[in-house]
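Here the structure is laid out as structure tokens; the discussion comes afterwards.
The values are calculated or read from the model by the stated rules, or taken from the named source; none is laboratory data. What you are looking at is a predicted structure, and each value in this text was computed from that prediction instead of being measured. Cβ placement follows ideal geometry from the backbone for every residue including glycine, while neighbour counts extend to all protein chains displayed.
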Amino acid sequence: MVQNRVEPPILMSRLMTFVLATAVVVLAVMGVTLYKLFPLNRPQVFFLMTQPSHQLEITLRDMVPADENLSQYKRAFIKEYIKARNEISSNINVMRKKWTNDPAAAVRAWSTDDVFADFAQTRMWTALMNEVPGFELKCPVEFETGAITPRGNDMYAVKFRWFCENSDGQVDAKDYTIVLRLESDTDKTVQWTDRLNNPLGIRVAQYTVESVDGDKSNKTDPLNRF
């Protein structure tokens, strides 16, 4: 009696074909994933720890090459700060978490005491932190190419467009120029809670509105517009 069976060479050939097909699929998926990751336009510093501890302090070292890396990092930090301070979501819980006086909240963590105190005097901050607004707003921030211009001594001029939308439609967009100054912690350490959101210990030490729609006589903060 002749039994139907697959000869070893044929079996090996089929197995190799299956492995090759699987490898091609995996490489295709990885290729698509990498394609979607580029361009990488937000520098991010990571600390890899084997035994995390909330009491741990991290000692900062110079970045190599320091000048270019630090410059790119500061530009990314400035954009994130502007968005954290000015972008408004209709989810009031998200806004309170982002704007609260908690040291881990974004604006508080990235601002000096004086800058945060001024921020906490704006109309929008008062409304969202202490009351339930009578309207729902969504206010994005938009940057154009070359939005950040260094002015020396860690001073920067930042241009962005800000507008709001509610149930009645969109409020006219306005172009703001903000002048801010950065400073770093002098002791070169950051708390464990800052290891991801602010690993270099940078703070905004000065924040002023220079102009609105190019008019330097108009220094109205976006958060005081309503």
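A few remarks follow.
- Residue 128 meets all of the listed conditions (1) at pLDDT 90 or above; (2) surrounded by 12 or more Cβ atoms within 10 Å (Cβ to Cβ); (3) under 22 Å from residue 95 (Cβ atoms); (4) more than 18 Å from the chain's Cα centre (by Cα) but one, namely (1).
- Identity of the residue in segment 154-168, at pLDDT below 90 and part of a strand (DSSP E or B), that ends up nearest to the chain's Cα centre (by Cα): 165
- Pairing each residue of segment 199-226 that is assigned to a loop (DSSP other than H, G, I, E, B) with any residue that is loosely packed, with under 13 Cβ neighbours inside 10 Å, provided the two are 6+ apart or on different chains, yields C-beta distances under 7 Å for 199/47; 226/123.
- Residue 108 without any contact (Cβ under 8 Å) to a residue 24 or more places away in the chain, surrounded by 15 or more Cβ atoms within 10 Å (Cβ to Cβ) and either under 18 Å from residue 205 (Cβ atoms) or more than 18 Å from the chain's Cα centre (by Cα) (or both): yes
- Residue in segment 93-104 that is touching a strand residue (DSSP E or B) at 6+ places or on another chain (Cβ under 8 Å) and either at positive phi or β-branched (Val, Ile, Thr) (or both) present: no
- Every residue from segment 131-153 that is at pLDDT below 90 and aliphatic (A, V, I, L, M): 132, 137
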